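Everything on this sheet refers to the single structure shown next.
The values are calculated or read from the model by the stated rules, or taken from the named source; none is laboratory data. Worth saying up front: this structure is predicted, and the values here are computed from it rather than measured. Every residue, glycine as well, gets a Cβ built from its backbone with ideal geometry; the counts of neighbours run over all protein chains shown.
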Amino acid sequence: MATVIHTCYPLPDADIELFEGFFALAESDRWFTELLAHIAWEQGYIPCHGKLVPEPRLSAWYGDPGAHYTYSGVRHNPHPWNEVLLELKARIEPTAEVGFNSVLLNCYRDGRDSVGWHSDAERELGRNPVIASVSFGGTRRFLLRHKRLALRATIELTHGSLLLMRGATQHHWRHQVPKTRQPVNPRINLTFRRIHSVDAILG
Ligand SMILES: O=C(O)CCC(=O)C(=O)O
Ligand SMILES: [Mn+2]
């Protein structure tokens with residue numbers, strides 16, 4: 001039986017909990033291998049000074065039909081759920097206490113891959129979204145920075161961990177996974193989300 005270490009972070013304007021070892025070591029190894037093989041990894045591009053530059057990571061978007069998601073100005077259509085993702089979703093939903101309809105996957109091939117400061121506050125996510133973030137592979141630092149106050153926090157996201165961000169967290173805090181010069185194994189991160197269809201909101 002795996003030992004799960006549960007931490008609640010007492011940060012103002014945030015509701016963040018971490019479950020280290022949420023997935024046991026052997027099964028985390030298996031999830032990593034299966035996700036690497038069975039996800040349609042894509043190289044995304046972002047507009048920068050009139051050019052398209054490659055994002056410093058691979059990514060993929062999966063979910064229910066109609067769970068469209070626009071970020072960095074690009075509208076993403078979901079790939080249909082596969083077996084691996086449905087199994088993972090079923091494992092985390094009882095703890096997150098939310099039914100998710102989509103997941104964004106990122107693959108950080110080495111320490112040069114990263115994601116910059118942002119909050120998961122796109123309008124499709126609605127007010128106070130619950131984001132369930134699962135990590136497999138090399139440990140990376142997850143940094144948080146308050147939008148108005150001089151407050152910062154660092155969370156090490158380890159192999160098999162589950163991070164939950166809820167309530168007003170995205171409203172008040174930004175997060176990033178910075179590049180590192182330390183040697184680090186490849187890492188896969190999944191952020192399960194609940195998209196409220198913009199098509200439906202716009203009628
Ligand atoms: O890789 C991570 O831990 C975070 C990814 C993230 O913030 C995102 O995809 O929105
Ligand atoms: Mn994010």
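Mind checking whether some residue in region 94-106 is away from ligand 2 (no atom under 13 Å from the Cβ), closer than 22 Å to LEU58 by Cβ and within 14 Å of the chain's Cα centre (by Cα)?
yes
Return the residues of region 108-129 that are more than 12 Å from ligand 2 (Cβ to nearest atom) and either surrounded by 19 or more Cβ atoms within 10 Å (Cβ to Cβ) or acidic (Asp, Glu) (or both); say none if nothing qualifies.
TYR108, ASP110, ASP113, GLU124 - these are the residues of region 108-129 that are more than 12 Å from ligand 2 (Cβ to nearest atom) and either surrounded by 19 or more Cβ atoms within 10 Å (Cβ to Cβ) or acidic (Asp, Glu) (or both).
Going by what's in this entry, would ARG166 be described as in contact (Cβ under 8 Å) with a residue 40 or more places away in the chain, over 24 Å from GLU55 (Cβ atoms) and not hydrophobic (A, V, I, L, M, F, W, C)?
yes
Look through region 107-127, keep the residues that are over 16 Å from the mean Cα position of the chain (by Cα) and over 24 Å from HIS38 (Cβ atoms), and return whichever of them is modelled with the lowest pLDDT.
Once the filter is applied, the top-ranked residue is ARG123.
Find the residue count for region 132-173, including only residues that are assigned to a strand (DSSP E or B), in contact with a Lys or Arg (Cβ under 6 Å, 6 or more places away or on another chain) and surrounded by 18 or more Cβ atoms within 10 Å (Cβ to Cβ).
Counting residues in region 132-173 that are assigned to a strand (DSSP E or B), in contact with a Lys or Arg (Cβ under 6 Å, 6 or more places away or on another chain) and surrounded by 18 or more Cβ atoms within 10 Å (Cβ to Cβ) gives 3.
Just one of the numbered conditions (1) surrounded by fewer than 16 Cβ atoms within 10 Å (Cβ to Cβ); (2) under 25 Å from LEU143 (Cα atoms) is not true of LEU86; which one?
(2)
Please go through region 77-121 and give me each residue that is part of a loop (DSSP other than H, G, I, E, B), closer than 24 Å to TYR45 by Cβ and in contact with a strand residue (DSSP E or B) (Cβ under 6 Å, 6 or more places away or on another chain), ordered by number.
Answer for region 77-121, where residues must be part of a loop (DSSP other than H, G, I, E, B), closer than 24 Å to TYR45 by Cβ and in contact with a strand residue (DSSP E or B) (Cβ under 6 Å, 6 or more places away or on another chain): PRO78, ASP113, SER114, SER119, ASP120.
Name the residues in region 134-148 that are farther than 13 Å from CYS107 by Cα and within 11 Å of ligand 1 (Cβ to nearest atom), would you?
ARG141, PHE142, LEU143, LEU144
Residues that are at pLDDT below 95: which strands (runs of 3 or more DSSP E) entirely in region 1-72 hold 1 or more of them?
42-48, 51-63, 69-71
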